[in-house]
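Note sheet for the following structure.
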Amino acid sequence: MYRAIVIGASAGGLYAIRDLLVPLPSDFRIPIIIVQHLSPTSENYMVEFLNKNTSLNIKEVDEKEPIKPNMVYIAPPNYHVLIEEDETFTLSADEKVNYSRPSIDVLFYSAADIYRKDLIGVVLTGANDDGARGLFTIRKNGGLGIVQTPSSAEAPQMPSAAILEANPEYIIEISEIAKLLIEMNKRSD
Amino acid sequence: MDLNDNNREKIEADLLIEAVKRYYGYDFSNYSKAHIKRRMSVFLSKHRYESISEMQHYVLHNPNIFEDFLNNFSINVTEMFRDPGFYKDFRESVIPILKTYPYLKIWIAGCATGEEVYSFAIMLQEEGLLARSTIYATDFNSKALQKAGKAIYNIDTIKSYTSNYQKSGGKSSFSDYYMANYNSVIINKSLKENVVFAEHNLVTDGVFTEANLIVCRNVLIYFDRDLQDKVLALFNNSLIQGGYLALGTKETIQFSEINSKFSTISKENKIYKKTSI
Ligand SMILES: C[S@@+](CC[C@H](N)C(=O)[O-])C[C@H]1O[C@@H](n2cnc3c(N)ncnc32)[C@H](O)[C@@H]1O
């Protein structure tokens, strides 16, 4: 039974994330936590954009907030997102990792540590290699790895790096990832 | 019994925290566990230790390694005019009230390498308040404090600080406040005159001063709920009635016991005012 889904995206990520979330039903239970690379000064208009375009509850991660089912959480600009054992969030203003804050690796390491085999990691489009080592750690701890087919990504480098590093179970297009997540969600009921 | 790597690591981490507390007197036991784990794994790979137990040996036996350990744990990441919107808001909503006091005591806790202190000094100067202020700037990291006192920063940072300053409602030209010198800039001496740097550990040290304003930004996020509450109580006890408390953008007093004693001046920028004692 999967207890959380973590998703990382960079260049081209906004639309990729929308396309992934749009097919998910409003009663999608497994909590989803997303890191999308943003410029540090950008307002987090992603939350508004995704709330408008999907049927899910989307919100920005708050410090010490409990992680709940039926929720999609977005990392705030300029903070890393960590997960505590009691399934609450901790934000951190540590140094950038892979030139990024929030960093996908940082979220993935922390989630892998807490959820172990009950975690799904997803790497989408991006022009760097953040998320590759994190996905490796998720798989090492028994979790499931999914990567967007590089040829279908706006920027193929990030998915390619994740495939090379983590050898994920699934390398599929966004629409297929959505179907797979819906299936996993049903099975976790 | 649960014999797995994960469990062993947890035990090793707890033992190291305990050892550091007993030997060096720095208490990290109520820091966020996720944060501790992350810093330990960063430190482990930096020094290429095989395990946390091996790391413990070096941290306990070699004070230089401990100093590095402390730096690694204390995250001195900071900027001048970090979150310009905060400073803009502060200028508009708090400065006019501060102007009504003949003398101001300001405590900036967790000031890291001083960028925030000089940002406040600049703002206070522009508002005609610096001359009647004393700024107590504290941190538990003595190395960071040393750097803060020197007020010398890398020139590469100036471009983004200038842009922050402009967005923060700065009234002058940012270049008025420093002298450039090859690779570095030095902040004008006049901005330091009313600043007192001192070592203070928020976990183990007590009430600091009767302050009109306490600024503590991006420090509480590293603590667990209990320690956050304890430190917020300390701030409450260190503030005069009518005094202000400014936290980081992602920090809040909302869930703590002191919440009822404060009113919210800015929800977005986490500025609070102590309304009752
Ligand atoms: C991320 S920095 C924040 C710097 C600055 N306030 C800002 O917002 O840019 C966190 C600072 O908190 C300090 N700190 C952490 N634990 C502390 C403690 N127990 N007592 C005092 N300072 C502490 C660290 O040394 C570090 O300088």
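The values are calculated or read from the model by the stated rules, or taken from the named source; none is laboratory data. Here the structure is a predicted model, which is why all the values come from computation and not from measurement. Note that we place each Cβ from the backbone using ideal geometry, even for glycine, and neighbour counts take in every protein chain shown.
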Subset of the range B:97-120 (residues that are more than 16 Å from the ligand (Cβ to nearest atom) and in contact with a strand residue (DSSP E or B) (Cβ under 7 Å, 6 or more places away or on another chain)): B:98, B:101, B:104, B:105
Scan of the range A:86-96 for residues that are facing chain B (nearest Cβ under 8 Å) and farther than 22 Å from residue A:58 by Cα, ordered by number: A:93, A:94, A:95
Matching helices (runs of 4 or more DSSP H) fully within the range A:97-170 where at least 2 residues are within 12 Å of chain B (Cβ to nearest Cβ) and closer than 21 Å to residue A:75 by Cα: A:104-115, A:132-140
Residues of the range A:115-130 classified as surrounded by fewer than 21 Cβ atoms within 10 Å (Cβ to Cβ) and either of a type in the set (S, T, N, Q) or within 16 Å of residue A:144 (Cβ to Cβ) (or both), total: 4
Counted residues, the range A:86-99 - those being within 18 Å of residue B:217 (Cβ to Cβ) and surrounded by 15 or more Cβ atoms within 10 Å (Cβ to Cβ): 5
Residue in the range B:75-96 that is farthest from the ligand (Cβ to nearest atom), counting only those that are away from every other protein chain (no Cβ under 13 Å) and not hydrophobic (A, V, I, L, M, F, W, C): B:96
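Conditions tested, residue by residue: (1) surrounded by 14 or more Cβ atoms within 10 Å (Cβ to Cβ); (2) more than 17 Å from residue B:215 (Cβ to Cβ).
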{"site": "B:104", "(1), (2)": "yes, no"}
{"site": "B:114", "(1), (2)": "yes, no"}
{"site": "B:117", "(1), (2)": "yes, no"}
{"site": "B:177", "(1), (2)": "yes, yes"}
{"site": "B:182", "(1), (2)": "no, yes"}
{"site": "B:194", "(1), (2)": "yes, no"}
Residue within the range B:22-33 that is within 16 Å of the ligand (Cβ to nearest atom), under 24 Å from residue B:269 (Cβ atoms), outside the structural domain of residue B:157 (by TED's automatic domain parsing) and crowded, with 22+ Cβ neighbours inside 10 Å present: yes
Filtered residues of the range B:25-65 (kept if touching a residue at least 60 places away in the same chain (Cβ under 8 Å) and within 11 Å of another protein chain (Cβ to nearest Cβ)): B:31, B:32, B:33, B:35
Evaluation of residue B:65 against (1) of a type outside the set (D, E, K, R); (2) in the same structural domain as residue B:207 (by TED's automatic domain parsing); (3) in a helix (DSSP H, G or I) (one fails), failing number: (2)
Pairs with Cβ under 8 Å, 6+ apart, first in the range B:141-158 and within 21 Å of residue B:73 (Cβ to Cβ), second outside any helix (DSSP H, G or I) and modelled with pLDDT under 95: B:141/B:76; B:144/B:76
Residue, surrounded by the most Cβ atoms within 10 Å (Cβ to Cβ), within the range A:62-85, restricted to residues that are closer than 16 Å to residue A:31 by Cβ and facing chain B (nearest Cβ under 9 Å): A:82
Options B:263, B:276, B:190: the member that is surrounded by fewer than 19 Cβ atoms within 10 Å (Cβ to Cβ), at pLDDT below 95 and within 25 Å of residue B:92 (Cα to Cα): B:276
Those residues of the range B:180-209 which are under 15 Å from the mean Cα position of the chain (by Cα) and of a type in the set (S, T, N, Q), in sequence order: B:201
Unique match (being surrounded by fewer than 19 Cβ atoms within 10 Å (Cβ to Cβ) and in contact with a Ser or Thr (Cβ under 6 Å, 6 or more places away or on another chain)) among B:12, B:50, B:54, B:92: B:12
Sole exception among (1) more than 27 Å from the chain's Cα centre (by Cα); (2) more than 12 Å from chain A (Cβ to nearest Cβ) for residue B:22, by number: (1)
Strands (runs of 3 or more DSSP E) wholly inside the range B:157-253 containing at least 1 residues that are more than 11 Å from the ligand (Cβ to nearest atom) and over 15 Å from residue B:111 (Cα atoms): B:178-181, B:184-187, B:211-216, B:239-247
The range A:53-80: number of residues that are within 16 Å of the ligand (Cβ to nearest atom) and touching a strand residue (DSSP E or B) at 6+ places or on another chain (Cβ under 6 Å): 4
Which numbered condition residue A:103 fails, given (1) surrounded by fewer than 16 Cβ atoms within 10 Å (Cβ to Cβ); (2) touching a residue at least 12 places away in the same chain (Cβ under 8 Å): (1)
